[in-house]
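Structure record follows, encoded as structure tokens.
Each value in this text was obtained by applying a stated rule to the coordinates, not by laboratory testing. Values in this document were obtained by computation on a predicted structure and should not be read as measured data. Every residue, glycine as well, gets a Cβ built from its backbone with ideal geometry; the counts of neighbours run over all protein chains shown.
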Amino acid sequence: MTEIHGPTSHTYYSQRLRLHYVDWGNEDAPPLLLIHGGRDHCRNWDWVAQELREQFHIIAPDLRGHGDSQWMIGGTYGAAEFIYDIAQLLHQTKNTPTLIIAHSLGGHIALRYAGLYPETVEKVVVIEGLGLSPKMEAELAAKQPDERMREWIDTLRKSSGRSPRRYPTLDDAYKRMHEENPHLRPDQARHLTIHGASQNEDGTYSWKFDNYVRAWPPFGMPEEAVHKLWSSITCPTLLIRGTESWASDPSEDGRAQHFQNATVANIADAGHWAHHDQLDVFMGLVNDFFDG
């Protein structure tokens, strides 16, 4: 197995929060931004970064409330705040125009950012970052506003009383990581656990994310407005999905039609974390897309 030589850690500020990102060096190369998904962390990209670090100048942030970035006090973790953080990171590092690879929540953020600032994005790869399927969106829209507000309040209240889960040892946390995604090789699961957990004062371990990230705001951007942002993306877009995932195929459910220049790729024998489950296949798609 190829040994991973890690990146350097840096901080930046966004809405008075101290946020963390890693930089893989090679500063004279074209910039590439990697954005992780919900309840994840920037070092989940290490295998992808290792493959691409000779070609690109790679930076990968920990989203607010995740990894080594600060947690919010008050408010919620909404799309607008995440998008602002990414816009601020690229503004401060002057890493535009850039290519982007993003997963899940990170893809959700990347696509909206690319629609807002199309001139700053050259190509974007998104792994299951389109959000809820049209069917799930319709079910959510059918709920009355008061019902959605009550559910959100209940979720926040539960989160406020929920202490981060504590694992007696790092091995116990590793076992939970492996249970979450059985496709992971043992070395992958251990690496993700080492970088995704921190040791508490009593010697136990907890995951590095704020439980409040589970409480998505009750109201967001209307679906029509999201589609408008997608249609404003001018760069080539690659939408990737694992065939064993819960996510629906955007070429079949109609969402791909909202993009000017999108290609959809399904990866067999992969779930929601296709870049972990089938790394070689994923990198083949990415390299072909970037070279095209």
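General observations
- Under the Karplus curve 6.51 cos²θ - 1.76 cosθ + 1.60, θ = phi - 60°, whole-Hz ³J(HN,Hα) for segment 260-276, x wherever Gly or Pro sits: 5, 8, 10, 10, 10, 10, 9, 10, 6, 6, 9, x, 5, 9, 4, 6, 8
- With both residues required to sit in segment 181-292, DSSP beta bridges show an antiparallel share near 35%.
- Relative contact order of segment 1-109, defined on C-alpha pairs under 8 angstrom at six or more residues apart (%): 32 percent
- Segment 32-115: C-alpha gyration tensor shape, a/c 1.5 cut-off, then a/b vs b/c: prolate
- Backbone geometry of segment 277-285 corresponds, through the Karplus equation with coefficients 6.51, -1.76 and 1.60 at θ = phi - 60°, to 3J(HN,Hα) couplings of 5, 9, 4, 5, 5, 4, 5, x, 5 Hz, x marking Gly and Pro.
- Considering only beta bridges that DSSP places wholly inside the chain, some 40 percent are antiparallel.
- Other residues within the sphere of radius under 12 Å centred on the Cβ of residue 148, judged by their own Cβ, net out at -3 (K and R +1, D and E -1).
- Overall form of segment 160-232 per C-alpha gyration tensor (a/c, 1.5; a/b vs b/c): oblate
- Taking 0.36 nm per residue of separation and subtracting the Cα-Cα distance, full extension of the segment from residue 201 to residue 71 would add 44.9 nm.
- Cα centroid separation - segment 123-158 against segment 249-289, whole Å: 22 Å
- Amide N proximity, segment 41-63 versus residue 176 label position 7 Å along Cα-to-Cβ, cut-off under 19 Å: 41-44
- For a label point 7 Å along the Cα-to-beta-carbon line of residue 291, residues of segment 79-104 with backbone N under 20 Å: 99-101
- Exposed loop sites here are GluC sites (Glu not before Pro) assigned a DSSP state other than H, G, I, E or B and surrounded by at most 16 other beta carbons within 10 Å; excluding them, the longest clear run of the chain is 55-200.
- Global geometry of the chain, whether rounded, prolate or oblate, following the gyration tensor of its Cα atoms and the 1.5 cut on a/c: rounded
- Working note: Karplus 6.51/-1.76/1.60 with θ = phi - 60° gives segment 76-93 the couplings 9, 8, x, 4, 4, 5, 5, 5, 4, 4, 5, 4, 5, 4, 5, 5, 6, 7 Hz, where Gly and Pro are set to x.
- Other residues lying with their Cβ under 15 Å from the Cβ of residue 39 contribute a combined charge of 0, Lys and Arg counting +1, Asp and Glu -1.
- Across the chain, the longest run free of exposed loop sites, meaning chymotrypsin sites (Phe, Trp or Tyr not before Pro) lying outside DSSP classes H, G, I, E and B with no more than 15 other Cβ atoms within 10 Å, spans 72-218.
- Using the rule -39500 (n - 2.57) for each DSSP H run of four or more residues, divided by the residues of the chain, the 222 nm mean residue ellipticity is -11000 deg cm²/dmol.
- Spacing of the modelled spin labels on residue 133 and residue 243, each 7 Å from Cα toward Cβ, amounts to 1.6 nm.
- Each of 102, 88, 245 was scored by the projection of its Cα onto the charge dipole of the chain, and the greatest displacement toward the positive side belongs to 88; charges sit on the C-beta of Lys, Arg, Asp and Glu.
- Sites residue 148 and residue 214, calculated FRET efficiency, Cβ-Cβ separation with R0 22 Å, nearest 0.05: 0.90
- Amide proton proximity set for residue 238, modelled H, under 5 Å, gap of 5+: 124, 125, 126, 263
- Share, in percent, of DSSP beta bridges within segment 1-134 that are antiparallel, nearest 5: 45 percent
- A Förster radius of 35 Å combined with the Cβ-Cβ distance from residue 80 to residue 279 puts the calculated FRET efficiency at roughly 0.60.
- Charge tally in the Cβ shell below 14 Å around residue 133, where Lys, Arg are +1 and Asp, Glu are -1, residue 133 excluded: -4
- Between residue 57 and 29, 32, the built amide H atoms are under 5 Å apart, and every one of these is 5 or more places off in sequence or on another chain.
- Gap separating the Cα centres of segment 176-247 and segment 1-51, nearest whole Å: 15 Å
- Spin-label pair residue 252/residue 10, simplified geometry with 7 Å Cα→Cβ offset, distance in nm: 4.2 nm
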